[in-house]
Each structure stands twice: as C-alpha cells, then as structure tokens.
Amino acid sequence: MEKRTDKNVYTIIFAIVMVVVVGSLLAFTASKLKPAITENERIEKQQNILYALGVNENEGTGDIAFVSKAEVADLFKTKVTEQLVLESKDGKIIKTMTRQEYLDSDEKAKEPYLIDVKKQQANAKAGESRMLPLFVGTSEEGDTYYVAPIRGKGLWDAIWGYVALDKDMIVRGAFFDHAGETPGLGANIKQRYFMDDFYGEHLLTEAGAFKGITVAKGNADPKNNDKTDYEVDALAGATITGDGVAAMIKADLKLYLPYFQSLKTAN
C-alpha cells in the first residue's frame with residue numbers, strides 16, 4: 001500500500017525553516033552593517049549642518065555640493081564651535097546643556113546632532129520635555145550662526161531640514177530633505193534654488209514676535225528681494241509640501257525663540 005505524505009505538514013515545516021534561516025541571515029547582515037549605517041548617518045547629518053552653515057562646495061548657481069566625506073569630520077570640529085541641547089517644555093526653555101553636559105546626563109544619549117527629532121516631537125505631544133539640539137558655528141565669512149534641526153510632514157511622508165540663524169533670527173542658510181515627495185514637484189525642496197530663497201528671510205517682526213516664513217503660492221515677490229515679508233515663492237505643483245515646510249519652520253523654530261531672546265538680554 002502506497003504511503004502518502006501529508007503535504008500541508010511539509011509545507012508548514014518548510015515555511016518555518018525558511019523563516020528561521022532568512023531571519024537569521026537578516027539579523028546577521030544587520031549586525032554587520034550597523035557600524036557602516038551609523039557612520040553614514042553621522043556623515044550625512046554633519047554634512048547637512050555644515051551646508052546650512054554655508055560650509056559646502058557650491059559653485060556658481062549649480063546643484064548643491066556637500067563637503068567631502070573625507071573632510072567632514074575635521075570641518076565639523078573646526079566650524080561647529082559649540083553644541084548645545086536646550087531642554088524645552090510647553091515652549092519654554094527649562095535647561096541649557098553643553099555637549100559634554102548632555103553626554104554626561106542621565107539621557108545616556110549619543111552626540112547632540114544624532115538626537116532623534118521625531119522622537120522628541122512625540123515626547124512633547126505626550127507632555128514630556130523635549131530636547132532641542134542647537135549648533136553654534138562659524139560661517140566661511142567668520143560670522144557666528146546657530147543651526148537648528150526641524151522636522152515636519154510633506155504630502156507623502158516626512159520632511160526635515162537644518163536652518164542657520166543669526167542672533168536676530170534671520171535665516172543665513174538652509175538645507176531641506178524628504179523621505180518620499182513627488183519627483184519634480186515636492187521633491188524640489190531639496191533643490192538649491194529653493195533653499196537659497198530662504199537666505200536673509202526674517203522670522204521675527206520688528207516688535208520681536210515670531211512670525212515664521214510662508215511658502216506662498218502667488219507670492220508678489222517671486223525674486224525674494226523683500227526679506228521682511230515672511231514669504232518665499234512656492235514650488236509649482238507642490239502646495240502641500242510647501243505648506244509642510246512652512247509649518248515645520250513655524251512649529252520647530254519658534255521653540256528656540258526664548259534662547260535667542262536670552263542672547264539679546266545677555267548683550
């Protein structure tokens with residue numbers, strides 16, 4: 001009599017074996033690649049901060065050009081003169097820590113530039129304090145600027161950036177990026193011409209109130225000659241992404257206002 005094999009049992013066993021084997025391979029690969037991924041994350045964030053600070057390889061009106069990977073670590077140490085972490089709650093700064101104080105704190109955190117802004121936003125929504133990294137640096141012209149990371153929501157996914165400000169909260173440089181905006185439309189926030197439009201734009205009114213910057217459709221100043229109108233020209237066909245940029249600038253940079261007010265008081 002022919003012996004029949006229960007095909008369902010063998011299928012289930014095969015599936016279990018494959019899951020175990022593939023899972024083990026993925027875990028092994030991830031562990032091996034983790035140092036390289038961490039290093040790439042470090043390099044990318046340092047390049048972004050330096051770019052906003054005006055330390056880059058841009059030439060003429062061409063595409064954006066970061067400093068090279070070989071130079072970024074040394075330039076970051078040279079140009080970023082101080083790393084601060086502002087602890088904020090309810091929009092008020094409750095503590096300011098230097099880089100070393102932050103690393104020595106109970107947070108057991110990584111370098112300030114590796115702080116997860118998304119996680120900190122979630123903390124704030126939960127009523128907890130939020131860590132706000134701030135990088136004090138020197139531009140190529142020798143001016144002191146303050147670079148703050150920001151994060152928001154575009155049309156399809158997350159958008160983020162780094163904005164360099166002077167002590168009066170005037171924009172002196174910007175870098176924007178995205179996770180999945182539409183090529184040729186919302187993805188153009190990563191284009192140099194869009195980032196350059198923000199240079200010189202004021203965030204504060206003459207009275208010192210925070211105003212922000214609107215990415216305006218039908219802007220009456222398309223060449224952005226007026227730097228006190230709190231507007232830059234919108235990207236064609238990318239209204240929602242532009243609104244997301246404006247929203248993250250207003251929501252995140254406003255949190256730094258108390259710190260900049262303290263700079264004026266100190267002077």
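The values are calculated or read from the model by the stated rules, or taken from the named source; none is laboratory data. Treat the numbers as computed from the prediction; the structure is a model and nothing was measured. Glycine also receives a Cβ, built like all others from the backbone with ideal geometry; neighbour counts cover every protein chain displayed. Calculation scope for accessible area: heavy atoms of the full protein, side chains included, ligands and nucleic acids excluded. Shrake-Rupley method; radii C 1.70, N 1.55, O 1.52, S 1.80 Å.
The residue list 244, 173 contains one member that is in a strand (DSSP E or B) and surrounded by 15 or more Cβ atoms within 10 Å (Cβ to Cβ), which is 173.
If I ask for residues that are among the polar types (S, T, N, Q), part of a helix (DSSP H, G or I) and open to solvent by less than 60 Å² (accessible area, probe 1.4 Å), which ones from segment 46-79 would you list?
Correct list: 46, 47, 48.
Against the test of being within 25 Å of residue 80 (Cβ to Cβ) and either open to solvent by 10 Å² or more (accessible area, probe 1.4 Å) or not in a loop (DSSP other than H, G, I, E, B) (or both), the options 167, 223, 227 yield a single qualifying residue, 167. Scan 137, 152, 180, 161 and give me the residue that is farther than 13 Å from residue 49 by Cβ, touching an Asp or Glu at 6+ places or on another chain (Cβ under 9 Å) and part of a strand (DSSP E or B). Result of the check over 137, 152, 180, 161: 152. Taking each residue of segment 207-222 that is free of Cβ contacts under 8 Å to residues at least 60 places away in the same chain and looking for partners that are exposed (fewer than 15 other Cβ atoms within 10 Å of the Cβ) and β-branched (Val, Ile, Thr) with beta-carbon atoms closer than 9 Å, six or more apart or interchain, yields 211/205. Report, by residue number, each residue of segment 183-207 that is under 17 Å from the mean Cα position of the chain (by Cα) and part of a strand (DSSP E or B). Listed by number, the list is empty, since nothing qualifies. Determine if segment 20-35 includes at least one residue that is part of a helix (DSSP H, G or I) and modelled with pLDDT of 85 or more. No, segment 20-35 has no match at all.
Which of the residues spanning segment 80-94 are of a type outside the set (A, V, I, L, M) and either under 15 Å from the mean Cα position of the chain (by Cα) or surrounded by 14 or more Cβ atoms within 10 Å (Cβ to Cβ) (or both)? Residues satisfying the conditions are 83, 87, 88, 89. Residues in segment 101-146 that are more than 14 Å from the chain's Cα centre (by Cα), closer than 18 Å to residue 174 by Cα and either touching a residue at least 12 places away in the same chain (Cβ under 8 Å) or surrounded by 16 or more Cβ atoms within 10 Å (Cβ to Cβ) (or both): 9 in all. Among the residues of segment 176-190, those identified as open to solvent by 20 Å² or more (accessible area, probe 1.4 Å) and either of a type in the set (A, V, I, L, M, F, W, C) or touching a Phe, Trp or Tyr at 6+ places or on another chain (Cβ under 9 Å) (or both) are 178, 179, 180, 182, 185, 188, 190.
Per-residue answers, yes or no, for (1) of a type in the set (Ser, Thr, Tyr); (2) within 25 Å of residue 237 (Cα to Cα); (3) out of contact with any Leu (no Cβ under 9 Å at 6 or more places or on another chain):
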residue: 78; (1), (2), (3): yes, no, yes
residue: 84; (1), (2), (3): no, no, no
residue: 127; (1), (2), (3): no, no, yes
residue: 132; (1), (2), (3): no, no, no
residue: 136; (1), (2), (3): no, no, no
residue: 143; (1), (2), (3): no, no, yes
residue: 162; (1), (2), (3): yes, yes, no
residue: 183; (1), (2), (3): no, yes, yes
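Kindly indicate whether residue 237 is outside any loop (DSSP other than H, G, I, E, B) and either in contact with a Cys (Cβ under 6 Å, 6 or more places away or on another chain) or not hydroxyl-bearing (Ser, Thr, Tyr) (or both). Here the answer is no, as residue 237 does not meet what is asked.
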